[in-house]
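Presented below is the structure to which this report refers.
The values are calculated or read from the model by the stated rules, or taken from the named source; none is laboratory data. Quick caveat: nothing in here was measured; it's all calculated off a predicted structure. Counting neighbours? That spans all protein chains shown, and the Cβs are built from the backbone with ideal geometry, glycine included. For accessibility, only protein heavy atoms count, side chains too; no ligands or nucleic acids. Shrake-Rupley method; radii C 1.70, N 1.55, O 1.52, S 1.80 Å.
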Amino acid sequence: MYRNCRVSAQFSMSLDGFIARYDDTVGPLFDWYEAGEVETWMPGHPVPFHLSEADAAYWDSLPREGAFISGRRLFDITKGWGGHPPNESPTVVLTHREPPSDWPPTRRDGRPVPFEFAGDLETALERAAALAAGGEIGVAGADVVQQCLRHGVVDELRVDLVPVLLGNGIPWFGAHDGDLLFDEPGIVPGTRVTHLIYRVHHEGAVNRTLSTAGQAAHDVGPRLRWAGHHG
């Protein structure tokens, strides 16, 4: 938690822990976005995804961030999402560099771009918490997630685990001082992906409130299984 805001991170990851190749291509990591027939829209994205029924149900269960923190590498790769961040959530970019010379872009709807820039993690978290106003803060980008884990503010990891070994690339997780324990995962089998929902374990707090996605994994029944409770 940070300033009463839940902090979460989600990414598609290979079985050997990579979220992209060194050249920033993702290979089959995003194939599950087009592995079904259920037309699914993300606010801000210009075209729909086509998910399986199980993946669409999981997608619909995810909370919409009140604010989003992105690393500079991800921001540059996506070219700032053309001014339309994921879910159109107000976004803070963590960077030590100035915005690109051609920033901001012209949005498709002509509205101002919902982006800010911060030079350190604490400032980025403060701004995101103010923007989220008690809602969830989503964090993305390997370095940003690793910083947040070391900072102790991450509440939930959502791993979209794809059945592929990339062999090398950009790892989602890095070095961490000591053990970081998680509670039993929520498991959502999909098509070409398995969605894993891990809450950071806090002693004496195993019954704390689940996110919408975690509660969906707990409630829906046989399609969504909790590890340790499906034998």
Seminar exercise, completed: Per residue, accessible area of the stretch 12-146 with a 1.4 Å probe, heavy atoms of protein chains only, in Å², comes to 47
For this session: Among DSSP beta bridges whose residues both lie in the chain, state the antiparallel percentage, nearest 5.
Result: 45
Exercise. Which percent of the accessible heavy-atom area of the chain goes to carbon and sulfur, probe 1.4 angstrom?
Worked result: 53
Exercise. If eta is 1.306 mPa s and T is 10 °C, what Stokes-Einstein diffusion coefficient results for the stretch 118-176, Kirkwood Rh from Cα pairs, in µm²/s?
Worked result: 120
Exercise. Between Arg107 and Glu122, what length comes free when the chain is fully extended (0.36 nm per residue of separation minus the Cα-Cα distance, one decimal in nm)?
Worked result: 2.5 nm
Exercise. What FRET efficiency would be calculated for the residue pair Ala133, Leu15, taking the C-beta separation as r and a Förster radius of 35 Å, to the nearest 0.05?
Worked result: 0.40
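For an R0 of 25 angstrom, estimate the FRET efficiency from the Cβ-Cβ distance between His201 and Arg3 and round to the nearest 0.05.
Computed FRET efficiency for His201 and Arg3 comes out at 0.70.
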For this session: Count neighbours as other Cβ atoms within 10 Å of each site's Cβ, and list the chymotrypsin sites (Phe, Trp or Tyr not before Pro) in the stretch 18-94 that are DSSP loop with at most 13 such neighbours.
Result: Tyr22, Trp41
Problem set entry | the chain: calculated mean residue ellipticity at 222 nm from DSSP helix runs of at least 4, using -39500 (n - 2.57) | -5500 deg cm²/dmol
Problem set entry | DSSP-loop GluC sites (Glu not before Pro) across the stretch 1-92, with at most 13 other Cβ within 10 angstrom | Glu37
